[in-house]
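Some notes on the structure that comes next.
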Amino acid sequence: PMVGNTDMARAYALIAAGGGRAVASGDTDQLQAIAPGQPFRLQQTRSAADVAIMKEIVRQTPELREAVYSLINRDVERALSGLESVKPSQVPRQEGAWVPEHSVTEFSHSQEAKLAEVQQKAMLKGEAFPDIPMTLYEAIVRDYTGRTPEAREQTLIVTHLNEDRRVLNSMIHDAREKAGELGKEQVMVPVLNTANIRDGELRRLSTWETHRDALALVDNVYHRIAGISKDDGLIILQDAEGNTRLISPREAVAEGVTLYTPDTIRVGTGDRMRFTKSDRERGYVANSVWTVTAVSGDSVTLSDGQQTRVIRPGQERAEQHIDLAYAITAHGAQGASETFAIALEGTEGNRKQMAGFESAYVALSRMKQHVQVYTDNRQGWTDAINNAVQKGTAHDVLEPKSDREVMNAERLFSTARELRDVAA
C-alpha cells in the first residue's frame, strides 16, 4: 500500500541516519494512503530520481491479463467484457451449489424487491419457487460457500466499505454454522476496527465528538474518550486504570494517535480469521490468515498450519485487532494475490463515494484465474469510475506544470553535460 508524507519522511530519515540506501517501489494507480500526501507519485514526476517502470503483467492468466491491461488503459467496459469471457464454471464448486450466470453480475435494489414480490406471490399460491439468492449479499455468500473447501481457501472477497465487509463476514460465518462446518461452541469476541480517520480530520474537535465511542491508542496505551472541552479545545482521555490525560487535536496528530471502533464478532472452531494490525512483541502480522482450532471461554486458539497462537481478546485490548477473514477491504487487499477473487462494486449509499479507478483496479486485479464481480448498478458504477477525478496534491495546486514544461525539462536533463566537459 501507498504511504503518506509523514511515514515516507520518517522512513527516509531512518535510512539516511543509518547511512543506507533504498529503492522505492509501488503502483501509483492503486489506492493512495489514508494519511495525507502522495510522496511516491511526486518522486516520479517532480524529482530527479531515476525511474524504472515495469509494465509486464505476470499474475493473471492470458485471458484475464488483457482485461487488466484494458483497465489500466481506463477502458472499463472492455475490461469487464474481458473478465466476463472467463466463465464462473472455472471455479471448483460443490455438487448442487448455486452458480452465477455471468462473471459480472448486477443485483440492483429493484431486482431484490421484484424477487421478493414474486416469491411472496408464489408462496400465496402454494407454488414452488427456485432456490436462488434473493439479495446482493446473499448472492456473494452463496457463491463463496458453494465453492469447494480448497477453492474457498484460495478466494479473496474484496469490498470497499467496512460495513459491507462486516455484513459479509457475519453472513458467511452464519452460513457455515448452519451447514455444520463450524464447531458447536460459539463465542462472542470483542474486536477493534480502525476508524480510518485522516490526520487533517483528527485536528478538528468535531471529529472527536463524532467518534466519542472510539478508543484512542496513545504511547501503546488504550484510552477511552472521557470528555471533550470545547472551551479549551482539549480532549480528556482515560486509560483502563483510571488515569487521565489532556490532549489537543493538534498534539494527537503529532503523537500519532490512532482511533479504533469497538465491535463484537461471533467466532467458532473452523472460522478463518486475520490480524488487522501488526504487533512485533506478540509476533502478529497484519492480514495474515489463521484458522480457529479451539474456542473456550474467553480464549481463541489460532493455527496457520505451522504455528499456534492463543489469544484472549476479552482480557487484552492489544489482542482485539482481529477479524473474520472471509472478506477484506480494498485497502487491506493491496499487495495481495489469490487464485480467485470476488469483488463487490457499486454506487448504492456510501459505495458511490468509493467508486473510482484506483479502487476498481485493486479489486479487479488480485486474482490469477477468475474474478467474480457483483454490482448493485453496473452502468452507474462504470460511469462513476469514468467520471472520478484524481486527487491532487499541494504541489499540483500551487505549482501546476504543463506537459510542455515537463517535456522541456526532460529534454534539457537528457542532453545536459557536466560543466568540465563544456568549453568556457
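If the condition is being acidic (Asp, Glu) and in contact (Cβ under 8 Å) with a residue 24 or more places away in the chain, then segment 285-333 contributes ASP298, GLU319, ASP323.
Taking the conditions exactly as written (more than 21 Å from the chain's Cα centre (by Cα), modelled with pLDDT of 90 or more and in a strand (DSSP E or B)), does ARG212 satisfy them or not?
no
Would segment 325-338 turn up any residue that is surrounded by 13 or more Cβ atoms within 10 Å (Cβ to Cβ) and more than 30 Å from ASP383 (Cα to Cα)? Yes, the conditions are met somewhere in segment 325-338. Taking segment 162-176 as the range and being within 16 Å of ALA343 (Cα to Cα) and among the polar types (S, T, N, Q) as the test, the residues that pass are ASN162, ASN169. When segment 350-365 is filtered for residues that are part of a loop (DSSP other than H, G, I, E, B) and either touching a Phe, Trp or Tyr at 6+ places or on another chain (Cβ under 6 Å) or in contact (Cβ under 8 Å) with a residue 60 or more places away in the chain (or both), the ones remaining, listed by number, are ASN350, ALA355, LEU364, SER365.
Could you please let me know if THR291 is surrounded by fewer than 17 Cβ atoms within 10 Å (Cβ to Cβ) and either farther than 22 Å from ALA214 by Cβ or among the charged types (D, E, K, R) (or both)? Show your work before the answer.
Numbers: surrounded by fewer than 17 Cβ atoms within 10 Å (Cβ to Cβ): yes; either farther than 22 Å from ALA214 by Cβ or among the charged types (D, E, K, R) (or both): yes.
Considered against the rule, which asks whether it is surrounded by fewer than 17 Cβ atoms within 10 Å (Cβ to Cβ) and either farther than 22 Å from ALA214 by Cβ or among the charged types (D, E, K, R) (or both), THR291 comes out as yes.
Taking segment 366-389 as the range and being at pLDDT below 90 and assigned to a loop (DSSP other than H, G, I, E, B) as the test, the residues that pass are ARG366, ALA388, VAL389. Would a scan of segment 131-148 turn up a residue that is surrounded by fewer than 18 Cβ atoms within 10 Å (Cβ to Cβ), outside the structural domain of ALA240 (by TED's automatic domain parsing) and touching a strand residue (DSSP E or B) at 6+ places or on another chain (Cβ under 8 Å)? Yes - at least one qualifying residue is present in segment 131-148.
Against the test of being more than 23 Å from VAL310 (Cβ to Cβ) and assigned to a loop (DSSP other than H, G, I, E, B), the options ASP231, ASP174 yield a single qualifying residue, ASP231. Of all residues in segment 98-120, none that is in the same structural domain as TYR144 (by TED's automatic domain parsing) and free of Cβ contacts under 8 Å to residues at least 12 places away in the same chain has its Cβ atom under 6 Å from the Cβ atom of a residue that is loosely packed, with under 12 Cβ neighbours inside 10 Å and part of a helix (DSSP H, G or I), 6 or more apart or on another chain.
The values are calculated or read from the model by the stated rules, or taken from the named source; none is laboratory data. None of the values given here were measured: they were computed from a predicted structure. Counting neighbours? That spans all protein chains shown, and the Cβs are built from the backbone with ideal geometry, glycine included.
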